[in-house]
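See below for the structure under consideration.
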Amino acid sequence: MTNDQLSVQPDEVGATQIMYDISRGHLVAGPLPEALRSYAGAPVESGLSLQLAVLDRWIAAGETIGGYKIGWTSRGARDRGGPGFRPFGYILASRMLASGSTVHRAEVPNCVIEPEICVTVGRRLGAENVSVDEARDAVASVSPSFEVISARTPDGVAMPCRIGNGLNNWGLVYGPEHSPDVALDAITVELLRDGEPAGSSGTGPDVVDDPYLSLARVAMLLHRYGRALEPGQRVLTGSILPGAKTEGASRYEASFGPLGSVAVEFA
């Protein structure tokens, strides 16, 4: 076998430790570590097994999985990893906050928030094939929410490592729960920053995927890794507005029409 025929396997063990440290707020300084460089050119899907290895480290340390985010559902991000591919990112239960909660900036490096619709799972959902109707029937409630994002991976890291970092999720802030009978395809979202308008958008298909289609996709993807969406877990279904940097702001609030509002304070 020639050198050209040799394939280099990503260092998942080494990358898992680094990503676990990053997710706890220990950012990488200096040159990109070799374990992360090993993912250059690796299939984008390899980031999912890396991410689940990081999640298992959290669980071993006593954390609980609270739910997931669904990535690449909106605007130009769609199909970035191939047609229909929508990676997930885990969300820790300890980082799921009720509306009006305070987030401390020091805990969330490079903090960005995105208004999203959150669904709460009412029954286990995970199979080789999941229809949109089955996904909708598995939902107990829908809520307005903010995804809290921490841009914490080092510059130059490959996409599988960004997926391995839970797609940069830090947590979520959720608002009041509503019946899943509420129509989700024509909601206008208005964002306020310290009481001043900071953007608005709608939930049409030109902006974000159907939340129940996204839920079906992530349930099938988790099934491939021997996992499923479990009752009580919350799932973020995609950004409706571009991410808003939180520097200099003390309060964000987003109104989601029939779903009500969600707010978060920063200190």
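The values are calculated or read from the model by the stated rules, or taken from the named source; none is laboratory data. Model, not experiment: these values are computed from the prediction. For neighbour counting, all protein chains shown are included, and Cβ atoms are generated from backbone atoms with ideal geometry for every residue, glycine included.
If I filter the stretch 67-81 for residues that are out of contact with any Cys (no Cβ under 6 Å at 6 or more places or on another chain) and over 30 Å from residue 199 (Cα atoms), do I get at least one hit? Scanning the stretch 67-81 turns up no residue that is out of contact with any Cys (no Cβ under 6 Å at 6 or more places or on another chain) and over 30 Å from residue 199 (Cα atoms). Just for the stretch 1-21: of the residues that are among the β-branched types (Val, Ile, Thr) and at pLDDT 95 or above, which one is farthest from residue 90 (Cα to Cα)? The selected residue is 13. Tell me which residues, restricted to the stretch 184-212, are out of contact with any Asp or Glu (no Cβ under 9 Å at 6 or more places or on another chain), over 20 Å from residue 146 (Cβ atoms) and either without any contact (Cβ under 8 Å) to a residue 12 or more places away in the chain or crowded, with 20+ Cβ neighbours inside 10 Å (or both). Passing the criteria: only 206. Against the conditions (1) crowded, with 21+ Cβ neighbours inside 10 Å; (2) of a type outside the set (Gly, Ala, Ser); (3) not in a helix (DSSP H, G or I), residue 9 satisfies every one except (1). Residue pairs whose Cβ atoms lie under 7 Å apart, separated by 6 or more positions or on different chains, with the first residue in the stretch 244-267 and free of Cβ contacts under 8 Å to residues at least 60 places away in the same chain and the second among the acidic types (Asp, Glu), are 249/194; 250/194; 250/265; 251/194; 251/265. Put simply, of 89, 81, 100 the only residue that is out of contact with any strand residue (DSSP E or B) (no Cβ under 6 Å at 6 or more places or on another chain) and either not in a loop (DSSP other than H, G, I, E, B) or not aromatic (Phe, Trp, Tyr) (or both) is 81.
All of (1) within 23 Å of residue 261 (Cα to Cα); (2) over 14 Å from the mean Cα position of the chain (by Cα); (3) surrounded by fewer than 17 Cβ atoms within 10 Å (Cβ to Cβ) hold for residue 79 with one exception: (1).
Among the residues of the stretch 151-182, how many are assigned to a loop (DSSP other than H, G, I, E, B) and in contact with a helix residue (DSSP H, G or I) (Cβ under 8 Å, 6 or more places away or on another chain)? Number satisfying all stated conditions: 11. Within the stretch 19-38, restricting attention to residues that are of a type in the set (A, V, I, L, M, F, W, C) and not in a loop (DSSP other than H, G, I, E, B), the residue that is farthest from residue 110 (Cα to Cα) is 35. Residue check: residue 58 meets all listed conditions (1) buried (at least 17 other Cβ atoms within 10 Å of the Cβ); (2) part of a loop (DSSP other than H, G, I, E, B); (3) of a type in the set (A, V, I, L, M, F, W, C) but one, namely (2). Checked against the criterion of being of a type outside the set (Lys, Arg), closer than 23 Å to residue 244 by Cα and over 19 Å from the mean Cα position of the chain (by Cα), the candidates 116, 128, 190, 177 yield just one match: 190. The criterion of being within 18 Å of the chain's Cα centre (by Cα) and in a helix (DSSP H, G or I) does not hold for residue 72. For residue 131, the criteria (1) in contact with a helix residue (DSSP H, G or I) (Cβ under 8 Å, 6 or more places away or on another chain); (2) at pLDDT below 95 hold in every case but one, which is (2).
Number of residues in the stretch 40-51 that are under 28 Å from residue 95 (Cα atoms) and either over 21 Å from the mean Cα position of the chain (by Cα) or crowded, with 18+ Cβ neighbours inside 10 Å (or both) equals 5.
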